[in-house]
Amino acid sequence: MRRAIVLLMIFISGCASMISTEYKEIPVNSYPDGAKVTVDNKDRGKTPTLVKLHRAERHVIKIEKKGYVPETVYTRRGFNGWVIPSIVLPPIYGIILDYASGAGYSIKPKKINVTLRKELSRIAELVICDPPGKDSIALMPTRSDAKGGLDIAVDDRLNHLFSESKRFSLVERDRIRDASTELNFQQTDLVDKENAVKMGKLLGANYILISSVSNIGDEGKQIFAKLISVETGGVVATAIAESTGSTVSIPALIQVVNKINSTE
């Protein structure tokens, strides 16, 4: 009986080395597929594929495809549960064996799935020359302090009013959405001046407009807008208007747009 226990302890110690090898294969997938995969600067084929990694090492995995922004994944070492018997049971050489061979580690992440983003050059192709005598303006999403988010209704009305402007040519919202994707921005990120200027430069716009809506008392609304030069990042003009009701009134929006349009 004692001999059997001793043999069992010897078998269980170094358990990770017996159950797991020092290498681990993990799947690498991309959308779209057919992307080149390199591990530690060594070619490992194209997605979808399996890559064989040493458990004890940290690896740099790059996924690249022409026309898309490359993605880089850094693996890290984790704890292999099969090493537990080596910890709680003698002899101690079991745990030494597990970690010396690398079998005592796991690899994280266990699989790699990436969605590749198209290069910024695609957005540059969408930039349309401005009509003679007009500067281009990109309207950022309107922040609503009252709603704690964005005011889509005000956005729609501002876009309509600026589309009839004789001072500015309006950057289409589809182009702004595409550029947001390229820059990995959420719509709420665009209410920040620094992010908005980056967006304006990418779109080739001359100006950006940042606006916000807030409550005044129980039944009032206030809209505040500022026109920012993309070239300098400075505020060129501001406009403010107030109205009553659950949303900003059309006359208040017209007042703001007229003030911005009058900027030289």
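Name, by its number, the condition in (1) closer than 23 Å to I254 by Cα; (2) within 28 Å of the chain's Cα centre (by Cα); (3) crowded, with 20+ Cβ neighbours inside 10 Å that does not hold for A179.
Condition not satisfied by A179: (1).
Going by the structure shown, is E119 modelled with pLDDT of 65 or more and over 26 Å from I240 (Cα atoms)?
Answer is yes for this residue.
Report every pair of residues separated by at least 6 positions or lying on different chains whose Cβ atoms are under 7 Å apart, first residue within the stretch 43-72 and at positive phi, second surrounded by fewer than 17 Cβ atoms within 10 Å (Cβ to Cβ) and in a loop (DSSP other than H, G, I, E, B).
From the stretch 43-72, the pairs are G67/E119.
Being modelled with pLDDT under 85, among the β-branched types (V, I, T) and within 22 Å of E194 (Cα to Cα), is that true of even one residue in the stretch 150-169?
Yes: the stretch 150-169 contains one or more residues that are modelled with pLDDT under 85, among the β-branched types (V, I, T) and within 22 Å of E194 (Cα to Cα).
crowded, with 21+ Cβ neighbours inside 10 Å and closer than 30 Å to V69 by Cα, is that true of I208?
Yes.
Could you check how many residues of the stretch 39-51 are over 24 Å from the mean Cα position of the chain (by Cα) and part of a loop (DSSP other than H, G, I, E, B)?
The number of residues fulfilling the criteria is 2.
Go through the stretch 211-264 and give me each residue that's within 17 Å of A153 (Cα to Cα), in contact with a Gly (Cβ under 9 Å, 6 or more places away or on another chain) and free of Cβ contacts under 8 Å to residues at least 40 places away in the same chain.
G220, E242, S243, T244, G245
In the stretch 203-252, which residues are of a type in the set (D, E, K, R) and not in a loop (DSSP other than H, G, I, E, B)?
K221, K226, E242
If a residue must be over 14 Å from E22 (Cα atoms), of a type in the set (A, V, I, L, M, F, W, C) and assigned to a strand (DSSP E or B), how many such residues does the stretch 52-70 contain?
Result for the stretch 52-70: 3.
What are the pairs, 6+ residues apart or on separate chains, where a residue within the stretch 104-124 that is over 16 Å from K65 (Cα atoms) has its Cβ under 8 Å from a residue that is acidic (D, E) and modelled with pLDDT under 80?
These pairs meet every condition: G104/D98; I123/E182.
Within the stretch 221-229, identify whether any single residue is at positive phi, under 33 Å from the mean Cα position of the chain (by Cα), surrounded by fewer than 21 Cβ atoms within 10 Å (Cβ to Cβ) and of a type in the set (G, A, S), and answer yes or no.
no
The values are calculated or read from the model by the stated rules, or taken from the named source; none is laboratory data. Remember, it's a predicted structure, so these values are computed and weren't measured experimentally. Every residue, glycine as well, gets a Cβ built from its backbone with ideal geometry; the counts of neighbours run over all protein chains shown.
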